[in-house]
Amino acid sequence: MAGIVGALEKALGKAQKKVFAGAVSVADGDTVDTGLSAIDVPILTSSNPDHVAAVTGVSGGTITIGLHDNAGSAITTAETVYVLVIGDPK
């Protein structure tokens with residue numbers, strides 16, 4: 001389960017960033033809608049230590065996930081990926 005879990009306040013000024021975090025079940029090329037309007041920092045890690053998860057695209061608050069094994073082959077079966085994203089609220 002994943003969702004917006006909190007807010008970060010800027011040290012100076014009124015700007016606020018939201019934090020999206022959780023575990024999602026995805027395969028290579030799947031997208032995750034974070035519920036944010038824009039993304040500043042996406043951090044991903046696969047639950048499988050032999051696989052690499054990376055952001056391959058960002059559109060507004062939606063990220064596209066690339067999931068590959070250590071040889072570079074795409075993982076086409078869904079597995080758990082841990083996601084931490086900081087960005088602008090809607």
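Kindly evaluate Pro42 against the criterion of being in contact (Cβ under 8 Å) with a residue 12 or more places away in the chain and in contact with a Lys or Arg (Cβ under 8 Å, 6 or more places away or on another chain).
no
Restricting to region 55-90, what's the tally of residues that are exposed (fewer than 13 other Cβ atoms within 10 Å of the Cβ), assigned to a loop (DSSP other than H, G, I, E, B) and in contact with a Ser or Thr (Cβ under 9 Å, 6 or more places away or on another chain)?
Count: 1.
Every number in this text was worked out from the coordinates using simple rules, so none of it is lab data. Nothing here was measured: the structure is a model prediction, and the numbers come from that model. Here the Cβ is made from the backbone with ideal geometry for all residues, glycine too, and neighbour counts use every protein chain on show.
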